[in-house]
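> After the structure tokens below, expect a handful of questions from me.
The values are calculated or read from the model by the stated rules, or taken from the named source; none is laboratory data. Predicted, not measured: the structure shown is a model, and the values here were computed from it. When we count neighbours, we look across all protein chains shown, and the Cβ atoms used for this are built from the backbone with ideal geometry, even at glycine. SASA here: full protein model, heavy atoms, side chains in, ligands and nucleic acids out. Shrake-Rupley method; radii C 1.70, N 1.55, O 1.52, S 1.80 Å.
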Amino acid sequence: LEWENDCAAREKYAEAANLQFLAVERWLDVAYVSSPDCRARFFFVTCLREPLARYRSHLAFEHVSEEDAVAWAEQLQVPRDDPVRRGTAVVDNFYVRSLLGRDFFFGTEAGNVTIADAQRAKAVLAQFDAVLILERLEASLRQLYHRLGWCAASIPHRHRSKEPPLAMDAAAVDAFMRRNRPDVELYAFAADQLAAALEEDI
């Protein structure tokens, strides 16, 4: 969008459309979240899920075959018309790729995301105002109640997906965890440090 890196224009768009919430369900516009002007205009929040659980759920929900998943993990394939649901980013460090922006998301070869990249992604994530963790969502949501003055909501416990998570044998799990070590480290930082500190501040 023409205003994706222009905070004043994005705010004007939201006001004209009477919006109080904007969601980005793809890679992050890093310049946007890193801008002091943007941070003064918007409250930034994201939610992370344990990487293996996200992977298994995603592949099951999108009906991705194990054959396709393995192919995406071995060679860069990021379909321009459907890059967030299918392709290499889905199986290869989705969080780090997303947090480091469009060029990194599309251009980093399969297997080439590093721990150094995870460190850069941590610095981006640390700029968010709230970091929610799906596995403890009720506690994480207190960040929003406290910071935004919301009333606490009652969260119904219900099955989140119509599809059971993809079954994986031990070798497949081990391969995923090795390949996605940067994402695993990023998630641990988000859950054990960022979100934990934000929840403790309440």
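> Of everything in the range 182-202, what is open to solvent by 10 Å² or more (accessible area, probe 1.4 Å), in a helix (DSSP H, G or I) and touching a helix residue (DSSP H, G or I) at 6+ places or on another chain (Cβ under 7 Å)? Give them in sequence order.
Result: 184, 185, 187, 189, 194, 198, 199.
> Can you pull out every residue in the range 124-175 that is modelled with pLDDT of 80 or more, charged (D, E, K, R) and more than 26 Å from residue 199 (Cβ to Cβ)? Quick ask: steps written out before the conclusion?
At the first step, the residues of the range 124-175 found to be modelled with pLDDT of 80 or more are 124-152, 168-175.
Keeping just the survivors that are charged (D, E, K, R) gives 129, 135-136, 138, 142, 147, 169, 174.
Answer for the range 124-175, where residues must be modelled with pLDDT of 80 or more, charged (D, E, K, R) and more than 26 Å from residue 199 (Cβ to Cβ): 169, 174.
> Can you pull out the residues in the range 112-149 that are open to solvent by 40 Å² or more (accessible area, probe 1.4 Å) and not in a helix (DSSP H, G or I)?
112, 114, 126, 127, 149
A quick yes/no check of all residues on (1) under 27 Å from residue 122 (Cβ atoms); (2) touching a helix residue (DSSP H, G or I) at 6+ places or on another chain (Cβ under 9 Å); (3) touching a residue at least 60 places away in the same chain (Cβ under 8 Å):
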| site | (1), (2), (3) |
| --- | --- |
| 8 | no, yes, no |
| 23 | yes, no, no |
| 72 | yes, yes, no |
| 79 | no, no, no |
| 103 | yes, no, no |
